[in-house]
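The values are calculated or read from the model by the stated rules, or taken from the named source; none is laboratory data. Computed from a predicted model, the values in this text were never measured in an experiment. Please note: Cβ atoms are built from the backbone with ideal geometry, for glycine as well, and neighbour counts cover all protein chains shown.
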Amino acid sequence: MMITIKDIARVAGVSHTTVSRALNGSPLIKKVTRDKIERIAAEMNYVPNYSAKSLVTKRSFTIGLFFSSIEQGTSASFLVDAIKGITHILDENYNLTVNGIDGVHNFSNIQPQRFDGILVMSQSDEDNAFIYHVKKMGIPLVVLNRQLEDPGIMNVVANDREGVKEAIDYAVLQGHRKLAIIEGKPGFKSSSERKQGFMDSLIAGRLALNPDYFASGDYSIESGYAAMTTLLSLEDQPTAVFCSNDDMAIGAMNACYAHKVDVPGQISLIGFDDIMFARYTNPALTTVRKPIAEISELGMKMLIQLLLQPETEPQQLFVKTGLTVRDTVAKI
């Protein structure tokens with residue numbers, strides 16, 4: 001037999017309305033009463049009927065997290081950090097669904113009846129069609145990771161370009177003049193921003209932009225390995241290589257090991273993201289820290305604010321990146 005809130009109300013000696021409010025965390029219910037009702041509900045093995053709850057409240061109790069793509073260009077560490085930040089804030093009454101925009105073939109399925117709110121971890125301008133569909137549907141929306149031109153949408157981003165410039169400036173201060181880059185996935189905003197930050201530093205330092213030192217990648221470990229192999233085959237090798245994410249830096253480091261090239265003795269490496277594994281590589285990776293978990297957490301807070309106060313004015317928030325110096329950049 002399924003326990004209902006009326007059964008709990010009978011045992012607690014209160015109305016079923018009071019039970020409903022207590023179990024939904026209403027501030028109208030005193031803490032002592034709420035604690036008592038929650039204890040009784042647990043003892044009676046009460047399980048909320050979310051289908052019935054949705055019919056009454058007209059809410060789905062579902063938050064959608066959409067990446068540009070899960071299979072292409074989204075590393076496992078990036079995915080984990082994003083989810084970690086969101087679930088740190090998300091109320092246990094909500095379900096979180098995770099999808100790739102490239103897997104949504106029919107936007108008409110994205111409706112307010114299915115989602116109370118949506119977070120978009122955007123990498124590409126190609127996401128705009130999806131973003132504006134969500135906005136048109138009136139679903140509370142926060143876009144993370146990619147800076148938007150539209151001030152009418154909540155937006156949380158990090159300044160990738162500035163972070164990369166700081167990293168390359170540091171390498172130049174260590175005496176490096178021949179610097180290469182392994183670029184990110186083509187078409188991703190983060191790839192172009194990081195490439196621009198790399199070039200900003202070289203231009204400011206009056207250093208040459210050698211076309212041989214611009215190697216293609218796609219954010220995968222394999223592409224980092226392949227790109228570094230190409231750079232190591234050059235007659236005039238770079239002394240330092242910036243990898244547009246840590247996964248590619250790990251691939252690049254493995255390529256150096258395979259070719260018996262010492263890091264940082266013969267070539268220096270810098271990554272981007274500061275994933276958990278970066279501190280455990282050998283040698284430990286110098287990298288730009290991009291706080292994806294913090295960006296996601298802040299985005300979830302903003303989405304909750306939109307759910308509670310739909311009239312909240314949209315704003316654009318920047319989360320600072322920072323260089324984490326470890327052991328892969330040598331002074332020359």
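Residue 15 falls short on exactly one of the conditions (1) at pLDDT 90 or above; (2) more than 30 Å from residue 224 (Cβ to Cβ); (3) touching a helix residue (DSSP H, G or I) at 6+ places or on another chain (Cβ under 7 Å); (4) crowded, with 16+ Cβ neighbours inside 10 Å, and that condition is (4).
The single residue among 168, 139 that is in contact with a Phe, Trp or Tyr (Cβ under 9 Å, 6 or more places away or on another chain), outside any loop (DSSP other than H, G, I, E, B), of a type in the set (Val, Ile, Thr) and touching a residue at least 12 places away in the same chain (Cβ under 8 Å) turns out to be 168.
Scanning region 148-177 for residues that are of a type in the set (S, T, N, Q) and closer than 14 Å to residue 292 by Cα yields 155, 159.
Please determine whether any residue of region 240-261 is modelled with pLDDT under 95, at positive phi and not assigned by TED's automatic domain parsing to the domain that holds residue 310. No, region 240-261 contains no residue that is modelled with pLDDT under 95, at positive phi and not assigned by TED's automatic domain parsing to the domain that holds residue 310. Screening region 187-211 for residues that are charged (D, E, K, R) and out of contact with any Asp or Glu (no Cβ under 8 Å at 6 or more places or on another chain) and picking the one that is surrounded by the fewest Cβ atoms within 10 Å (Cβ to Cβ) gives 206.
Of the residues examined, residue 157 is one that is surrounded by fewer than 23 Cβ atoms within 10 Å (Cβ to Cβ) and assigned to a strand (DSSP E or B). Restricting attention to region 266-306, the residues being small (Gly, Ala, Ser) and either outside the structural domain of residue 251 (by TED's automatic domain parsing) or under 30 Å from residue 116 (Cα atoms) (or both) number 3.
Residues of region 172-186 include none that is at pLDDT 95 or above, in a helix (DSSP H, G or I), surrounded by 22 or more Cβ atoms within 10 Å (Cβ to Cβ) and in contact with a strand residue (DSSP E or B) (Cβ under 9 Å, 6 or more places away or on another chain). Within the option set 246, 236, 327, 262, being surrounded by 24 or more Cβ atoms within 10 Å (Cβ to Cβ) and either among the basic types (Lys, Arg) or out of contact with any Leu (no Cβ under 6 Å at 6 or more places or on another chain) (or both) holds for one residue only, 246.
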